[in-house]
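Participant: Quick one: structure below, then a few questions.
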Amino acid sequence: MTFSQFPTDLASVGSYDWPRAPATSSLKEGYRRLREKLRVLDDRKADLLPDDLERLTGSVIPDALWSSLRAHQFECLDKVYLEWARREEGPHTVCAFVMMPSVPRHFLADWAKDRGLDLVDAAAVPTGGAALMVPDISSLVRRSLEGRAAMRSYLAELDGASRNVLLGMSSWTWTYLAQTSAIQAVVSDARCFAPFGDKALAELLRAHLGDRVLKSADSGKDILAEDDEGAPKDRYLKTLAARAYGCPWAAIRLLDAAVNQEVEANGDATDATKDSDHDDTGDDHEDAATWLQDPAVPQLPSRIERIGRFVLHALLIHGPLTAKELGSVLPMTLPVGIGSALERVGLIEIEDGKITVRESAYPHVRRILSEAGLPLDQI
């Protein structure tokens, strides 16, 4: 499947073109957040929504969409790194691939395995051969004198490596290391996935959601309808791209969480895919429309708001941590139950004793930290 609106190249770190929401959308979102902070906003339906709708508990996103996105991003990695990774002769270089925390975990490792490349843990730098893939160096990042010394030693070893090395890391880890270490002197090239704008998101959705009509609860319009220049007429997808910071995985997850569908007489939500007999605007068969209204976004409980921000910030920089490790990188004592409290509001997940920011919650987490004035990732 060919996509003409998808970005075909990786972006250089430092020149990422952050999507921007329309001015009216930014004002509405700001007003919404103010109401949330004042605790006067519930998960109400917009005036344009039919009365007999309920939020869908399942997903409307087919597996084929995720597979298509994965295949495209694999090709973008191939274009830049595959030939370089298989080359054994010098000169040898160290490169970095930087990902937002909303990119599926282990994505770089999955690509490397699929292409038959050598994978190693962050602490190892074996000599000789084709390129080494280090999918995630977050385990080496610790905000302490010992941690910085260990990173300095690791970078020195990389600087003298006798083979090409590709370092994978989150955008937050990269930003921290760029400010506290010599990583930019050692790494000759750092790149990231290019942002998906409204046109790319529209093309992805059209290709995989068939005749499903997606309507914005704010405007009542079909979000996939095009203008004369091939751009979406409605501003929903432009706003969505900005809320997801250009990450297509984050954007599709946000859209999926906003789905409302009509309730049939038996109390079940209708399956809009069964009725594809409608025109491009979706006006002929209102019962086939899927309405999009964003749910109330996760908020930090007031009793843990301050410490919660520091916990989220640390997890983005360091990656998955145990409770003990988390306590060692923060300048304050963690209150009992902080992990469980953050898990209940949907911002983190705890698996095998490791605490990490939920991929689906990343846009909300970054917004929380931005509003608090904490340092953000820079790509």
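Participant: Out of the stretch 206-226, which residues are at pLDDT 90 or above, among the charged types (D, E, K, R) and open to solvent by less than 60 Å² (accessible area, probe 1.4 Å)?
Facilitator: Once the filter is applied, which keeps residues that are at pLDDT 90 or above, among the charged types (D, E, K, R) and open to solvent by less than 60 Å² (accessible area, probe 1.4 Å), the stretch 206-226 yields Lys215, Asp222.
Participant: Further question: Condition first: modelled with pLDDT of 80 or more, crowded, with 19+ Cβ neighbours inside 10 Å and either within 30 Å of Arg142 (Cα to Cα) or not hydroxyl-bearing (Ser, Thr, Tyr) (or both). Can you find one or more residues in the stretch 260-270 that meet it?
Facilitator: yes
Participant: Something else: Could you say whether any residue in the stretch 77-100 is surrounded by 13 or more Cβ atoms within 10 Å (Cβ to Cβ), in contact with a Phe, Trp or Tyr (Cβ under 8 Å, 6 or more places away or on another chain) and under 30 Å from Asn260 (Cα atoms)?
Facilitator: Yes: the stretch 77-100 contains one or more residues that are surrounded by 13 or more Cβ atoms within 10 Å (Cβ to Cβ), in contact with a Phe, Trp or Tyr (Cβ under 8 Å, 6 or more places away or on another chain) and under 30 Å from Asn260 (Cα atoms).
The rows are residues; the columns are (1) on the phi < 0 side of the Ramachandran plot; (2) part of a loop (DSSP other than H, G, I, E, B).
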residue	(1), (2)
Glu203	yes, no
Arg206	yes, no
Leu214	yes, no
Gly220	no, yes
Asp228	yes, yes
Lys238	yes, no
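Participant: Also: With respect to Ile355, is the statement that it is open to solvent by 40 Å² or more (accessible area, probe 1.4 Å) and within 23 Å of the chain's Cα centre (by Cα) true?
Facilitator: On the way: open to solvent by 40 Å² or more (accessible area, probe 1.4 Å): no; within 23 Å of the chain's Cα centre (by Cα): yes.
In short, no.
Participant: Could you figure out which of (1) open to solvent by 70 Å² or more (accessible area, probe 1.4 Å); (2) small (Gly, Ala, Ser); (3) closer than 25 Å to Asp9 by Cα; (4) without any contact (Cβ under 8 Å) to a residue 12 or more places away in the chain isn't true of Ser153?
Facilitator: Going through the list (1) open to solvent by 70 Å² or more (accessible area, probe 1.4 Å); (2) small (Gly, Ala, Ser); (3) closer than 25 Å to Asp9 by Cα; (4) without any contact (Cβ under 8 Å) to a residue 12 or more places away in the chain, Ser153 breaks only (3).
Participant: Being touching a strand residue (DSSP E or B) at 6+ places or on another chain (Cβ under 9 Å), loosely packed, with under 13 Cβ neighbours inside 10 Å and either β-branched (Val, Ile, Thr) or at pLDDT 95 or above (or both) is the filter here; which residues of the stretch 53-76 pass it?
Facilitator: If the condition is that a residue be touching a strand residue (DSSP E or B) at 6+ places or on another chain (Cβ under 9 Å), loosely packed, with under 13 Cβ neighbours inside 10 Å and either β-branched (Val, Ile, Thr) or at pLDDT 95 or above (or both), then Thr57 is the only one that fits.
A quick yes/no check of all residues on (1) open to solvent by 40 Å² or more (accessible area, probe 1.4 Å); (2) not aliphatic (A, V, I, L, M):
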residue	(1), (2)
Pro298	no, yes
Phe310	yes, yes
His313	no, yes
Gly319	no, yes
Pro331	yes, yes
Ser340	yes, yes
Glu343	yes, yes
Leu347	no, no
Tyr362	no, yes
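Participant: Considering only residues that are assigned to a loop (DSSP other than H, G, I, E, B) and without any contact (Cβ under 8 Å) to a residue 40 or more places away in the chain, look in the stretch 91-111 and name the one that is nearest to Ser67 (Cα to Cα).
Facilitator: Filtering the stretch 91-111 for residues that are assigned to a loop (DSSP other than H, G, I, E, B) and without any contact (Cβ under 8 Å) to a residue 40 or more places away in the chain, the one nearest to Ser67 (Cα to Cα) comes out as His106.
Participant: Kindly list the number of the only condition in (1) at pLDDT below 95; (2) of a type in the set (Asp, Glu); (3) under 29 Å from Gly246 (Cα atoms) that fails for Asp118.
Facilitator: (3)
Participant: If you scan the stretch 322-376, which residues turn out to be within 20 Å of Gly147 (Cα to Cα) and among the charged types (D, E, K, R)?
Facilitator: The answer is Lys324, Glu325, Lys354.
Participant: Just need a number here: residues in the stretch 119-137 that are open to solvent by 10 Å² or more (accessible area, probe 1.4 Å) and within 26 Å of the chain's Cα centre (by Cα).
Facilitator: 5
Participant: Within the stretch 177-191, identify whether any single residue is at pLDDT 95 or above, open to solvent by less than 20 Å² (accessible area, probe 1.4 Å) and touching a His at 6+ places or on another chain (Cβ under 8 Å), and answer yes or no.
Facilitator: No; the residues of the stretch 177-191 include none that is at pLDDT 95 or above, open to solvent by less than 20 Å² (accessible area, probe 1.4 Å) and touching a His at 6+ places or on another chain (Cβ under 8 Å).
Participant: Right, next: Taking the stretch 333-352 as the search range and keeping residues that are part of a loop (DSSP other than H, G, I, E, B) and β-branched (Val, Ile, Thr), which one is modelled with the highest pLDDT? Outline the logic, then answer.
Facilitator: Here is the first cut: in the stretch 333-352, the ones part of a loop (DSSP other than H, G, I, E, B) are 333-337, 345-347, 352.
Now restrict to residues that are β-branched (Val, Ile, Thr): 333, 336, 345.
Working: Thr333: 90, Val336: 90, Val345: 95.
Of everything passing the filter in the stretch 333-352, Val345 is modelled with the highest pLDDT.
The values are calculated or read from the model by the stated rules, or taken from the named source; none is laboratory data. Because the structure is predicted, anything quoted here is derived from the model rather than measured. With ideal geometry, Cβ positions are generated from the backbone for all residues, glycine too; neighbour counts draw on all protein chains shown. To get the accessible areas, we keep the full protein, side chains included, count just its heavy atoms, and leave off ligands, DNA and RNA. Shrake-Rupley method; radii C 1.70, N 1.55, O 1.52, S 1.80 Å.
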